[in-house]
Amino acid sequence: MRAWRTAVTDMCETSDEVLSFSLGENIGSGPNHHDAALVADFEDLDTFRRYVGGEKHKAYVENHARHVTAKLAAIQHEM
């Protein structure tokens, strides 16, 4: 979990698109629970899309997330 936290923190802290973010590890248990969560804030949907399509995010997915993620749940919503 430490490697995930380090990789995500670095990716978010060095991204021009991420306004703020928080990370959390699951403290509950259950068959449908995930291990951890990332909440990241962006200016708008176009900024989010630029972030996801950017080289830094692609490298994170390829070099880290793809190797440690068994199941992913993701949502995007506007506030």
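The values are calculated or read from the model by the stated rules, or taken from the named source; none is laboratory data. For clarity, every value in this text was computed on a predicted model and none was experimentally measured. A quick note on method: Cβ atoms are made from the backbone with ideal geometry, for glycine too, and the neighbour counts reach across all protein chains shown. All accessible areas refer to the heavy atoms of the entire protein, side chains included, with ligands and DNA or RNA removed. Shrake-Rupley method; radii C 1.70, N 1.55, O 1.52, S 1.80 Å.
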Projected label distance in nm at residue 50 and residue 21, using a 7 Å step from Cα toward the beta-carbon: 1.7
If each K or R counts +1 and each D or E counts -1, the residues other than residue 1 whose Cβ falls under 10 Å of its Cβ total 0
Calculate for the chain the 222 nm mean residue ellipticity that helices alone would give, adding -39,500 (n - 2.57) per DSSP H run of length 4 or more and normalising by residue count, nearest 500 deg cm²/dmol. -9500 deg cm²/dmol
Given axes a ≥ b ≥ c from the Cα gyration tensor, I'd like to know whether the stretch 1-44 is rounded (a/c under 1.5), prolate (a/b larger than b/c) or oblate. oblate
Can you give the log10 of the normalised intensity I(q)/I(0) at q = 0.11, 0.15, 0.17 Å⁻¹, computed with Debye over equal Cα scatterers of the chain? -0.30, -0.56, -0.72
How much accessible area does residue 56 have with a 1.4 Å probe, in Å² rounded to the nearest 10? 90
Skip the ligands, DNA and RNA, and give the accessible area per residue of the chain with a 1.4 Å probe, whole Å². 79
Once you have the Cα-Cα distance between residue 62 and residue 37, take 0.36 nm times their residue separation minus that, and quote the gain in nm to one decimal. 7.1 nm
Under a Cβ-only charge scheme (Lys and Arg +1, Asp and Glu -1), can you give me the dipole magnitude of the stretch 10-69 about the Cα centre, in debye to the nearest 20? 280
Using a 1.4 Å probe over the heavy atoms of the protein chains, calculate the carbon and sulfur portion of the accessible area of the chain as a whole percent. 51
Selected from 24, 69, 12, residue furthest toward positive end of dipole (the chain; charges at beta carbon): 69
